[in-house]
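For reference, the structure discussed in these notes is given below.
The values are calculated or read from the model by the stated rules, or taken from the named source; none is laboratory data. All of these numbers come straight from a predicted model, not from anything done at the bench. A quick note on method: Cβ atoms are made from the backbone with ideal geometry, for glycine too, and the neighbour counts reach across all protein chains shown. Quick note on the areas: whole protein, heavy atoms, side chains included, nothing else; ligands and nucleic acids left out. Shrake-Rupley method; radii C 1.70, N 1.55, O 1.52, S 1.80 Å.
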Amino acid sequence: MKKKKVIIGLSGGIDSAASAYLLKNEGYEVIGVTFNFLNAENTINAARKVAEKLKIEHHVLAAQSQFKEKVIDPFITGYKQGETPNPCLLCNQNMKFKLLGEFAAANDDAMIATGHYAEVRKYENGYQLWSSPNPNKDQSYFLYHLDQELLGRLLFPLNRFESKASVREIILGILPELSRGQESQGICFIPKKGHGLFLKDAVFGNNPTAPGNFVDATGKILGRHPGIHQFTLGQTRGLGINSDKRLAVVEVSPATNTVVLDEEQALYQNSILVDELIVQSPNGLPETAFTFKTCRWGHEYEGRVERLSRTRAIVHSQVPVRAPAPGQALVFYQGRQVLGGGIIKRF
């Protein structure tokens, strides 16, 4: 009997290596695919080493121009509009899964696998994405966009593990140096600890450090700031403003080069506008009896949804939400099941 092919996104890291190893042991014909988004030779060489050790076929796909167009450019544009876009979400939605699907379709309509921590369950009416039983590693927040076609061919081998230590043990005997590797952190196209410098150079143009005004909600000038690239929604530290009130950043406006400050309570909202709405669940999105997150590690809030159109809605939270950031995703859950999500917008 011919083995079923599975195309796995192979990054050279612990999670994708362990996933490839598990799938091979289960009898799949595993084909590793590494995307060359940034000409990062270290990443490509690490993935190649994993493939050689596991004795699996390996391909490196050039996608630098697409990555710039679909991830880096929208990230920059979002910041220019005063938003806080999520590049990992953009990459998953516009690049990784799309390219894996295309590669799989061209290879005997193969299955797809990644090292994400999440779960896919099959029901009579379709497929459902569930969060990982390991809440400390769950990545379902980034996957709410996956459609039924992708969910139907998607495998998450790491779903069975409830700790990272268990995953490390899998590859300890194969690639011991990899098992001791550090977790990847931050945004891949921004140098470590260089977030502010990237925004300064790439986002705000030839005069990125131009000072501007701190203003209150009425427009009254409170002081001067050294450059808006240094401030984010919800920030309370490093403002350099003398006040008897606890002030926080409630808006960053590139158009006027101003940072709006107000008291902490002004950050809390009970109603959040969501656009680019995607309903993932075959059962649709209930008006009530769901929870939602506004960031991966965030609190889950209970709420109800008021649909404005097919792709636009207002989410009403039972308790105020602190600083829901325009450009970030709001993701709906029912228990561990992912119902869908959208992008937070300003009213």
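Pairs from the table (LYS98/LYS122; LYS293/LYS345; LYS137/LYS293) lying more than 18 angstrom apart at Cα are LYS98/LYS122. Considering only VAL259, SER131, PHE37, the residue lying farthest towards the positive end of the dipole of the chain is PHE37, judged by Cα position with unit charges set on Cβ.
Extending 7 Å from Cα along the Cβ direction at GLU177 and again at LYS4 yields two label points whose distance is 3.5 nm.
If the segment from ALA289 to THR218 were pulled out straight at 0.36 nm per residue, it would be longer than the present Cα-Cα gap by 21.8 nm. Accessible surface area normalised per residue over the chain is 49 Å², counting heavy atoms of protein chains with a 1.4 Å rolling probe. Taking every alpha-carbon pair under 8 Å whose residues sit at least 6 apart, the chain reaches a relative contact order of 15 percent. Taking 0.36 nm per residue of separation and subtracting the Cα-Cα distance, full extension of the segment from ASP275 to ALA40 would add 81.2 nm. Share of pairwise Cα-Cα distances greater than 18 Å in the range 198-347 is 61 percent (whole percent). With the convex hull of its Cα atoms as the shape, the range 1-45 has an orientation-averaged projected area of 3.3 nm².
Result for the chain in a Gaussian network model with C-alpha springs under 10 Å: among LEU54, LEU233, LEU151, the largest mean-square fluctuation is at LEU54. Fully extending the segment from TRP297 to GLN66, taken as 0.36 nm per residue of separation minus the present Cα-Cα distance, adds 80.3 nm. With one equal scatterer per alpha carbon and no solvent term, the Debye-computed log10 I(q)/I(0) for the range 87-127 at 0.23, 0.30 1/Å reads -0.94, -1.02. Put simply, the range 20-89 fits an ellipsoid with semi-axes of 32, 13, 9 Å; these come from the alpha carbon gyration tensor as the roots of five times its eigenvalues, largest first.
Over all pairs of different C-alpha atoms in the chain, the reciprocal of the mean inverse distance, the Kirkwood hydrodynamic radius, equals 21.9 Å. Each eigenvalue of the Cα gyration tensor of the range 1-153, multiplied by 5 and square-rooted, gives one semi-axis; in descending order these are 25, 21, 15 Å.
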